[in-house]
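Every read-out reported here was derived from the displayed coordinates using simple, explicitly stated rules and does not represent laboratory data. Computed from a prediction, not measured in an experiment: that's the story for all the values here. With ideal geometry, Cβ positions are generated from the backbone for all residues, glycine too; neighbour counts draw on all protein chains shown.
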Amino acid sequence: MTTSSRDGVCRPLVWAHTLASLAYIVIVLFAGMLYSLQFLSLFPFPNVEFLSPGRLRMLHTNGAVYGFIINGFAAGLYWAIPRFTGQRVWNEKYVGWFMFGALQAAVLATAVGLLAGYAQGIEWAETPIFVDPFIVVWLIVALFQFGIPIYRYGKSGPMYVAAWYMVAGCVWVPMVYVMGNYIPQFFVPGIAGAAITGTWIHDAVGLFVTPIGWGLMYYFVPILLRKPVWGHSMSLLGFWGLAFFYPLQGVHHFLWSPIPMYAQYAAVISTVVLELAVVTVIVNFVLTLRGQFGQLANDLPLRWIYTGILNYAITCFQCAIQVLLTSQKIIHFTDWVVGHAHLIMFGTFGFWIFGILSYLSPKVKGLEPRSTRAGEWAYWLITIGTILMWFDLLIAGVVQGVSWMSLAPWMESVRVSVPFWAIRTATGTMIIAGMIMYLVHIAESRRAPSAGRAGSA
Amino acid sequence: MSSSSMERFAPIVLVAGLLFFLFGTFWQAVAPWLSLRHLPYKSIDEIAQTVPPTFRMMADDYPDEFKKYFGEPDTAAFARALRIGRGVYVAEACWHCHTQQVRPVSNEELRFGPVSYPSEYANALQLPPLLGTRRVGPDLIREAGVHSSDWHMAHFKNPPAVTPGSVMPSYGWFFDKDGSPGERALAVTAYIQWLGSWIPNHAYELPTRPAAQPEKQ
């Protein structure tokens, strides 16, 4: 199946990755919901080994990254790269479909492995040890699949911004994954291993999800707005700032630990400085929107994307505050960090994927994206749910941190958290309801609009 | 570099992709490794040379089950229990709700015990390291002897029955059909009772039952 049209996009591959991404996010959301019920002592399957809340938590996080985000990004890359480079990807018929099948096999093996008790003890890398080699091979093949068209396109001169992020991301991921999954597992124990684990946790977000995500934004935003990105030197600053400062931050996941302080100080300082680069990127995208703010009202994909950008700005600003050693005294180990993680992984990258997929789903069928009532419901339910969850967990984190510091009995910190956990479950319910509406929206937008409802907002 | 060379394939792959990555990784990962490389490293078998009293107490408390799964409470059995127990700790994601790290801030020293230091992590049971990043339940790196093994058994079976209001899940599958401790319950308890047992004069050293201290040392 290589039904590529003249633009070089293999539409069945885009659609297959879209479906896989959506299937996994539904599973991931339900796993998170079940896990949250444990915190209210309402877990419906107590004493069922294969649905233990601890195991579901790992399914929630790993499914989100390896299932939802990688598939969503792959759909975007298979669409964007041929269209702005003018080059086909390395190979669709064999490599493309092999990669698709291999990724789903790896994610399903991870899901089964985690629920069966074969987790690896590294955060965001709980993928069982026997799955890791396959993911490494997959990432290297992906480097060639997406790197070759960018290389051909870049041979003759300067490249477009999206290509910088995409090619750098594809180069970083295999190295980051091998470092995080193998070195602390087999070679470096203890505190030095923790430093490497922290570097992995951070790089998985900063050197994989973030650059691929921004690469896609630099393609999709100008397409949706039908105009170029506002400032070129701003784009340069943003990219090179991210590339330099991001790899320097890993240890900020283990501040006040026995890791040498020079590594902790470097992590804190580079995290704060990175916000300057982030500001250039955000300002660049906001100025690109200037004069077309009204388009957000009717253009659902664009609204998802810009809400994601807003969430990114909030998260990064929050990051510069929470990374300070003083803040860490209170918020480290608390739900504050959980809220932060949800706003970046779901509120930013998840929202970008929702925007891209709601744009691509009709596009791959030759239809134009349109707004539907279900799409509006999906947007508002998920957005309000996510922001409320973030805010709720932020406050919960401060309450927990202060409770621990006060030396009140441990259970006191649990009792005061329960109302916050109840709100979290409620907001999670909103997100799941919104997700169902999103699926309805995707299905509707792929039907040819009937004459009477054409163009309905 | 001129601004146009910063937009070309090779500089992006080589400078941003490789050079910056290696620089950051050196500072954040390789340098701490070099700083700490002289710490004496202990394998599980070396750790197990010191069998803590809690392990022998378990052999007294659950004689049939202990004999069935671990035989005599000797160093070989303790090494095996640590291996299995740590495996359970990872597989059940215990480390996602319990940290193994006492920080020098926020009164943690008063709540849990001595602040963590690098050499206590230089062993095979911290490969990969289990410092953790979230605390729903208390830290466990000073847990040795804070509770009895009996307490742990009852707690694994039904946490809220032991600690009212606890949100920890029940781990019924750690136990045999008749409700007596299974291999996993014994092993993970042995592992948790080991955490911090190397701290002199820590909780586990204080209350010892006479019957639990068999002859030879």
Inset, instruction - Under 19 Å Cα to Cα from A:K93, which aspartates and glutamates show up? Leave out anything in the same chain fewer than 8 places away. - result: A:D7
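What net charge do the residues around A:Y246 carry, taking every other residue with its C-beta under 15 Å from that of A:Y246, with Lys and Arg at +1 and Asp and Glu at -1?
-2
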Inset, instruction - Give me a single rounded figure for A:233-240: the average over its residues of other chain Cβ atoms within 10 Å of their Cβ. - result: 2
Inset, instruction - Enumerate the amide H contacts of B:F175 below 5 Å, restricted to partners 5 or more residues apart or on another chain; note that Pro and chain-start residues carry no placed amide H. - result: B:G182
Inset, instruction - Name the most mobile residue of B:V115, B:V162, B:V15, meaning the one with the largest mean-square fluctuation, in a Gaussian network model of chain B with Cα contacts below 10 Å. - result: B:V15
Inset, instruction - Against the globular-protein guess of 2.2 N^0.38 Å, express the Cα radius of gyration of the protein assembly as shown as a ratio, rounded to two decimals. - result: 0.99
Inset, instruction - Quick one: which residues, 5+ away or cross-chain, put their amide H under 5 Å from the amide H of B:S148? H built at 1.01 Å from N. - result: none
Inset, instruction - Report, in deg cm²/dmol and to the nearest 500, the calculated mean residue ellipticity at 222 nm for chain B, where each DSSP H run with n ≥ 4 adds -39500 (n - 2.57) and the sum is divided by the residue count. - result: -9500 deg cm²/dmol
Inset, instruction - Note down the magnitude of the dipole of chain A about its Cα centre, charges +1 on Lys and Arg C-beta and -1 on Asp and Glu C-beta and zero elsewhere, to the nearest 20 debye. - result: 1380
Legend entry - Between region B:74-107 and region B:150-181, the Cα center-to-center distance that results, in Å: 17
Legend entry - Set of region A:211-250 residues, backbone N closer than 19 Å to the point 7 Å along the Cα-Cβ line of B:L14: A:240, A:243-244
Legend entry - Rounded to whole Hz, the Karplus (6.51, -1.76, 1.60) HN-Hα couplings of region B:66-83, x for glycine and proline: 4, 4, 4, 9, 10, x, 8, x, 9, 5, 5, 5, 5, 4, 5, 4, 4, 4
Legend entry - Cα point-scatterer Debye curve for region B:24-103, base-10 log of I(q)/I(0) at q = 0.20, 0.21, 0.25 Å⁻¹: -1.04, -1.07, -1.15
Inset, instruction - Just flag the trypsin sites (Lys or Arg not before Pro) in region A:284-368 sitting in loop per DSSP whose Cβ has no more than 11 other Cβ atoms within 10 Å. - result: A:R290
Inset, instruction - Provide the descending list of Cα extents for region B:44-212 along its principal axes, expressed in whole angstroms. - result: 44, 37, 32
Inset, instruction - Would you grab the residues whose amide H sits under 5 Å from the one on B:N123? Only those 5+ places off in sequence or on another chain, please, with H modelled 1.01 Å from N. - result: A:G190, B:K42
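What's the longest bit of chain B with no exposed trypsin sites (Lys or Arg not before Pro), using DSSP loop states and at most 10 other Cβ atoms within 10 Å as the test?
Between the exposed loop sites, the longest stretch runs B:1-176.
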Legend entry - Dipole-positive endmost among A:W230, A:T427, A:I382 within chain A (Cβ charges, Cα centre): A:W230
Legend entry - Degrees separating the helix B:183-194 axis from the principal Cα axis of chain B, which is the longest one: 70
Inset, instruction - Give me the angle, in degrees from 0 to 90, between the Cα long axis of helix A:132-154 and the longest principal axis of the Cα atoms of chain A, rounded to the nearest 10. - result: 40
Inset, instruction - Starting at the first residue of region A:274-288, write each ³J(HN,Hα) from the Karplus equation 6.51 cos²θ - 1.76 cosθ + 1.60 with θ = phi - 60°, in whole Hz, x for Gly and Pro. - result: 4, 4, 4, 5, 4, 4, 4, 5, 5, 4, 4, 6, 5, 5, 5
Inset, instruction - Project the alpha carbons of region A:308-457 onto their principal axes and report the range along each, largest first, in whole Å. - result: 67, 28, 19
Inset, instruction - Kindly write out, for region A:175-186 in residue order, the coupling ³J(HN,Hα) from the Karplus curve 6.51 cos²θ - 1.76 cosθ + 1.60 (θ = phi - 60°), rounded to whole Hz, with x marking Gly and Pro. - result: 5, 4, 5, 5, 4, x, 8, 10, 5, x, 7, 10
